[in-house]
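The values are calculated or read from the model by the stated rules, or taken from the named source; none is laboratory data. Model, not experiment: these values are computed from the prediction. Positions of Cβ are backbone-derived with ideal geometry, glycine not excepted, and every protein chain shown enters the neighbour counts. Side chains are part of the model used for accessible areas, which takes the heavy atoms of the whole protein and leaves out ligands, DNA and RNA. Shrake-Rupley method; radii C 1.70, N 1.55, O 1.52, S 1.80 Å.
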Amino acid sequence: MASPYFINLASFSFYHQREDLHSSTRPRQQQHNDDHDPYGSDPSGTAVVVVTAKQALTPKDKKKSIGKQVRSISDQFHSATLSPTVASPSLKYAGRTNLGKSVVQYGASDNTTWTANPDFHPEVKMLKDFEYLPLTKAYKFMFEKAETVGEVRNDLTLCLGDEMEDVMLDKEGEGGAERYTTLIEETEGMISTLGRIHCGPSTRLEADGIMFEGMMDSWRMGKVVPLDLSQVKGFSLFPGQIVGIKGTNSTGDKLHVQELVDGKVPPEPSSPITITPGTGPVQLVVAGGPFTTTSNLLYEPLSDFLTTVRDNPPHVLILLGPFLDAGHPLLVSNDLGETHDTIFKRCLRIIAKALEGTLTQVVLVPSSRDVCSSIVYPTPPYDVPGGNFIRVSDPALLDIEGVVVALTATDILFHIGKKEISTPPQTRDRLGRLAHHILKQRSFYPLYPAHEKMCVNSEKLDIYGQLPCKPHLFILPSGLRYFVKEVEGCVMVNPEHLAKGLTGGTYARIELRPPASGTGMTGAINADILKV
Amino acid sequence: MWSDQAAGGGGGSGGGGFNTSFGGDDGAGYGTQQFASPGPEVKKNRRIESVLPLTINTVLELDENNQDYLGTQVNMMTVMGLICEVDVTSTKVTYTLDDTTGAIKVIKWLDSETEEEPLMENTYCRVHGTFKTYQGAKQVLALHLEPVTNLNWVTAHILEVVHAALQLQRLNTQGSGGGVGRGTFAGDSGGAGNSGMSNSMVGLGGMGNPSGDMGGGGGGAFAGMGLTAAQKSVFEVIRTVSDDCEDSGHSREHIRAKVKGKVAPQQVDDALFFLSSEGHIYTTVDEDHFRSTDG
């Protein structure tokens, strides 16, 4: 019996030479090899040929294969080339219950038809205001100097400090601090200072050992001191968080905190919303990867999802990676009969085909977890040809008819949630609090040091990972439970993942209605989270 | 080749068993394996010798009577630097080697049988040798001297110097936490970082136990999370990760069984719903397997 590895390792270029050769010189080998074929035969009769290693490596007569017609590539890479585990349908997925059930509703979703006006073609573009620069190309990474990282981080701290001036400083000279003081300067009395929460040598914050990395002075000198938070009533902190502190630092080795300011929500976007009653609402559907169950690579949840999308096509379909999760068991064990790119291209082809003839525009967001995109964060757009997709980076800020939509495929909520420490114990809405941090820190990834599986390029994060304005809609698929929440006038949607381990997950559909005059966009968003 | 020269030239290489922990697979030819074979003349009291990568400054600071570096005797060493001066006599060549931390004389005795060309000035070279003091001046007695052909050797050498120092420090402090690497690297972009941990307790009076969900530990560690008794018991079960359920976490049935008698099944479901809405736990392989987020 041939082992599955034999087929996997056999080079495909040899493979078709071989087959042509055998077909012309002698009867096809598989005729008397049917019982050796564990992969299931193709109905057209061009089944996998199992030959010995010697034949695979030494074609008898190369000349004969020249001029022969070579089968098309896509013909070869069908599921027959996959090993049985890759191609067997998941029973658990097929046996799932509550198909299509709505699990979360937000806004007036009951009265919503979720049908898109076919005469309306909303324009999807990258945000143009606030000097936002979209990341469009791959860049070199792993070239960062520690010095640069330090400077970038310090600059970010100072920028947010400028924004917090109104609460932190007292420019009028009414007794408060007039400027930020570094921790190097030894001063009696109250100071206002800036810096980051620092977890010290341990990787997580402990309530009795929260450190504070003060901003650098003009000599690039900084200082790390422990915080005395006994005077502060409540706080929620995580490593890397930029905070402004009012307090005393008389000894120079401990900061007694009187008041703690944890960032500031960015300003409202300035672009006018061009969704009008005449055009009708914009329909969005959002799904986050992974799109296949962990037991196979058949993308059953994706196919089912696309079927529902096709039945009721939205204006915009946003798909966030990973399409091919580097953590997928079959990728980890390398039990594949084809290249990663082939699988990914097939995925794109399936998506493009399912939406053929509809007005739906598809937005693809990469993920650093995807084997088909760069491993670095911020992640440049997918660079795989095929299909008519809008490819954006992770993270990205979109402008859909004036509505600013923030997208990130990275599970920042989960990452902050692991490190966050808060007091007094808040029993309600921890997820809302975590989402709050992202807005207040004005960053798609404020956690530092980053999660151990993340490779964050600080320099690029400074350019592409900031929130210059408050988005109307924030989409962040997370491993934490799905939710739709309004936080500081921004609707945050966590559609969770389309495939959840062995079974199906959830996706979101969102309707952006024309806002009533005088009210913000928040009241004009309806959202529904559905099971696939 | 090496052991021949060592035996004939310097006579310094006693027994085998060079105690180096630096994997010499870097293509720089600095393999510890090649030193590992016992020399031809094995002395009775077998000394454990090690080849230490050092900077010239360290060599200059060695005490001539007690060649001790971070608690280890320096016998054989590797230094790397630029040749500033060459002085050729009939029996030996004296080089002055500078690696920007200092300059030292390196003596290479000439072998009458093999015709050796002395190295030129301004050559970057690597020296394996021993430490000698001659008329009060510190010198390196070179056993082997070779020009650097790949600049990565220099980088590798610097890394080895740092690594050796850290390894030795760790050997010294073993048993007391062994956190050398940590202490050295923890100071990050903050500049002159005073990253030492303070042991003083920050007073957090009247706040319960805020370290509850971070500190880890058993029983009553969750007082700070504001959970009900039922939620607490369920969360405790989920937090304990055993080997058989490493990835997927605990199943709903398992949790129900664990808290049976204490919490009713309906309450377990409510608690699971609450904990996942709050982001304390998340579902893994399907909707009936849970893991804790802080694990």
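A few points about this structure:
- Sole residue being part of a strand (DSSP E or B) and either modelled with pLDDT under 85 or within 26 Å of the chain's Cα centre (by Cα) (or both), chosen from A:Lys68, A:Lys125, A:Lys64: A:Lys125
- Scoring A:Leu397 on the criteria (1) part of a strand (DSSP E or B); (2) within 15 Å of A:Ala287 (Cα to Cα) leaves a single failure, condition (2).
- Residue in region A:264-272 that is among the hydrophobic types (A, V, I, L, M, F, W, C) and crowded, with 23+ Cβ neighbours inside 10 Å present: no
- Condition check for A:Thr342: of a type in the set (Ser, Thr, Tyr) and modelled with pLDDT under 90: yes
- Filter pass, B:Lys232 being outside any helix (DSSP H, G or I), more than 9 Å from every other protein chain (Cβ to nearest Cβ), open to solvent by 10 Å² or more (accessible area, probe 1.4 Å) and at pLDDT 60 or above: no
- Taken as a whole, the condition of being open to solvent by less than 10 Å² (accessible area, probe 1.4 Å), β-branched (Val, Ile, Thr), out of contact with any helix residue (DSSP H, G or I) (no Cβ under 9 Å at 6 or more places or on another chain) and farther than 30 Å from A:Pro281 by Cβ applies to A:Ile343.
- Only residues that are more than 8 Å from chain B (Cβ to nearest Cβ), more than 31 Å from the chain's Cα centre (by Cα) and not hydrophobic (A, V, I, L, M, F, W, C) were counted across region A:191-233, and they come to 6.
- Checked against the criterion of being of a type in the set (D, E, K, R) and within 8 Å of chain B (Cβ to nearest Cβ), the candidates A:Lys254, A:Lys246 yield just one match: A:Lys254.
- Figure legend. Inter-residue proximity from region B:263-291: first residues farther than 17 Å from A:Phe414 by Cα, second residues part of a helix (DSSP H, G or I) and of a type outside the set (A, V, I, L, M, F, W, C), beta-carbon distance below 6 Å, spacing 6+ or different chains. Indicated pairs: B:Val263/B:Ser233; B:Pro265/B:Arg256; B:Val268/B:Arg256; B:Ala271/B:Gln231; B:Asp288/B:Arg252.
- Qualifying residue in region A:395-415 (condition: within 30 Å of A:Lys470 (Cβ to Cβ), open to solvent by less than 10 Å² (accessible area, probe 1.4 Å) and within 14 Å of another protein chain (Cβ to nearest Cβ)): yes
- Looking across region A:132-151, the residues that are away from chain B (no Cβ under 14 Å) and on the phi < 0 side of the Ramachandran plot come down to A:Tyr132, A:Leu133, A:Pro134, A:Leu135, A:Thr136, A:Lys137, A:Ala138, A:Tyr139, A:Lys140, A:Phe141, A:Phe143.
- Pairs, first open to solvent by 40 Å² or more (accessible area, probe 1.4 Å) in region B:51-74, second basic (Lys, Arg), C-beta under 6 Å, six or more apart: B:Leu60/B:Lys138
To keep it simple, each residue is scored yes or no on (1) in contact with a His (Cβ under 7 Å, 6 or more places away or on another chain); (2) over 25 Å from A:Thr279 (Cβ atoms).
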residue	(1), (2)
A:Ala354	no, yes
A:Val371	yes, yes
A:Thr379	no, yes
A:Pro385	no, yes
A:Leu398	no, no
A:Ile416	yes, yes
A:Glu420	no, yes
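- Within region A:324-354, the residues that satisfy the criterion of being within 19 Å of A:Asp304 (Cα to Cα), part of a helix (DSSP H, G or I) and not β-branched (Val, Ile, Thr) are A:Phe344, A:Lys345, A:Arg346, A:Cys347, A:Leu348, A:Arg349, A:Ala352, A:Lys353, A:Ala354.
- Test: residue in region A:167-186 that is within 29 Å of A:Tyr464 (Cα to Cα), open to solvent by 20 Å² or more (accessible area, probe 1.4 Å) and in a helix (DSSP H, G or I): yes
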